[in-house]
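A short worksheet on the structure shown next.
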Amino acid sequence: MKENLERIGRFDPKRARDRFLSSFDPALCKFIVVDGATVGFVQTRLTDDHLMLEHLYVIPEHQGKGIGSVVVAAILCVADAQSIATSVGALRDSDAQSAPGCGEKLK
């Protein structure tokens, strides 16, 4: 996230930390493990009417390998199997915005 925000001239360490801490819940956090190595984490939150993907982080040396895409696909698959709508947010102008459906309400 920092790299994306720096690239577009919007990185503010205090704001980024405050934003993260305002929604982070360790009880909802799941580690992403590939070949025995922890490569990131994901956090989803079930609301009254949808499943919200709140945080998805893959450490830089493992980015660009499709790990995030696999995680998002798994979340959407589980939600779809349970007929739960999902929402995915992405920072405006971030690289994540190039992924189809980001920032839109998905079913």
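Counted by Cβ distance under 14 Å from VAL42, the other residues give a net charge of 0, where Lys and Arg count +1 and Asp and Glu count -1. Distant-in-sequence amide contacts of ALA85, defined by a placed amide H-H separation under 5 Å and a gap of 5 or more residues or a different chain, comprise LEU51.
Read-outs: derived from the displayed coordinates by stated rules, not from any lab. It should be emphasised that the depicted structure is a prediction, and the values quoted were computed from it without experimental measurement. In this analysis, Cβ positions are derived from the backbone assuming ideal geometry, glycine residues included, and neighbour counts consider all displayed protein chains.
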